[in-house]
Amino acid sequence: MGNAKPPATKRPPAPDARRPPPRTHGAAGAGVYSPAEIEAIFTRLSDADPEPKSELEYTDPFTLLVAVVLSAQATDAGVNKATRRLFALADTPETMVDLGEERVAELIRTIGLYRNKAKNVVALARQLIERHGGAVPHDRAALEALPGVGRKTASVVLNVAFGEPTIAVDTHIFRLGNRLGLAPGRTPEEVERGLLAIVPERFLQHAHHWLILHGRYTCVARGPKCGNCRIADLCKSPEKRLPAAA
Ligand code: SF4
């Protein structure tokens with residue numbers, strides 16, 4: 001973990017699946033980029049960071065799962081601060097259950113929604129023991145059946161812990177898919193399907209990380225940093241604003 005990145009900004013809420021996508025992305029749609037342009041976009045992102053890592057701290061699939069569950073509406077830095085305290089006392093399903101909900105809540109009280117998250121973490125640890133022998137299952141349906149685990153969290157665990165070529169659509173990827181016209185969609189699932197259809201296979205393993213980092217630090221929600229963007233010449237977003245040439 002520990003990549004030298006600029007400080008994380010507070011992660012906004014997950015995109016609301018009931019809301020239409022922002023109008024600013026225009027009617028881009030599939031086919032806006034040729035296969036060669038898509039190849040070029042991911043080659044640039046990949047060249048800049050060939051082996052991107054999660055900025056969350058974890059040591060195994062269980063601690064990764066807990067960290068991702070805790071990360072909703074919190075920064076990675078804030079989650080890491082809380083999990084350093086938590087994992088020092090409990091880093092297995094058994095020790096998490098032994099620690100109990102009240103104590104877990106105390107240890108993670110610095111992050112948003114901590115009471116509910118503490119409840120989910122202990123409940124999911126119990127379910128892992130009862131149904132999976134204490135191991136994190138390498139299976140989407142089993143992961144999504146765990147308390148506090150939705151499609152996005154399951155996708156992150158499948159990608160990071162098990163090397164599956166999944167794309168977990170968070171608020172950054174949802175924005176990029178629509179803003180750039182790479183994979184427009186009204187829901188995270190539509191954007192996910194669109195990206196899975198266009199991202200060349202050799203980039204699929206890390207596409208999710210590259211897009212998150214690009215959205216978190218360059219193509220930010222307000223005032224994208226187009227003058228400092230490594231794919232500016234390829235980008236066809238109506239929101240692209242390049243500084244005037246000197
Ligand atoms: S040029 Fe601007 S809008 Fe396009 S990807 Fe880069 S930062 Fe985002």
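Residues of the stretch 122-143 with an amide N closer than 11 Å to a point placed 7 Å from the Cα of ASP60 along the Cα-to-Cβ direction: 134-136. Cβ crowding within 10 Å ranks TYR114, TYR217 as TYR217, TYR114, fewest other Cβ atoms first.
Note on the stretch 61-160: Cα-only Rg and Dmax are 12.1, 32 Å. Selection among ALA232, LEU107, VAL160 by position relative to the dipole of the chain gives ALA232 as farthest towards the positive end (Cβ unit charges, Cα centre).
Is it possible to state the helix-based mean residue ellipticity at 222 nm for the chain, with each DSSP H run of 4+ residues giving -39500 (n - 2.57), the sum divided by total residues, to the nearest 500 deg cm²/dmol? What is it? Rounded to the nearest 500, the figure is -14500 deg cm²/dmol.
Neighbours of ALA105 by Cβ distance under 13 Å: Lys/Arg scored +1, Asp/Glu scored -1, total +3.
Across the chain the C-alpha pair distances fall into 10 Å bins from zero in the proportions 7, 31, 34, 20, 8, 1, 0 percent.
For every other residue with a beta carbon closer than 14 angstrom to the beta carbon of GLU39, add +1 if it is Lys or Arg and -1 if Asp or Glu, then tell me the sum. Present the calculation step by step, with values, prior to reporting the outcome.
Working: positive: ARG44, ARG202; negative: GLU37, ASP47, GLU201.
Net charge around GLU39: -1.
Net charge near ALA118: determine it from the other residues with C-beta under 9 Å of the C-beta of ALA118, scoring Lys and Arg +1 and Asp and Glu -1.
Numbers: positive: ARG103, ARG109, ARG115, LYS117, LYS119; negative: GLU101, GLU102, GLU106.
Local charge sum for ALA118: +2.
ARG151 to ARG103: extension gain in nm, 0.36 nm per residue of separation minus the Cα-Cα distance?
Working: separation 48, 0.36 × 48 = 17.28 nm, distance 2.77 nm.
Stretched fully, the ARG151-ARG103 segment lengthens by 14.5 nm.
With charges only on Cβ, +1 for K and R and -1 for D and E, what is the dipole size of the chain about its Cα centre, in debye, rounded to 20? Don't skip to the answer; put the middle values down first.
Numbers: 33 positive and 27 negative charges, 233 e Å.
Computed charge dipole of the chain: roughly 1120 debye.
Only the coordinates and a few stated rules stand behind these numbers; no lab work does. Being a predicted model, the structure only gives us computed values, none of them experimental. Cβ atoms come from the backbone with ideal geometry, glycine included; neighbour counts cover every protein chain shown.
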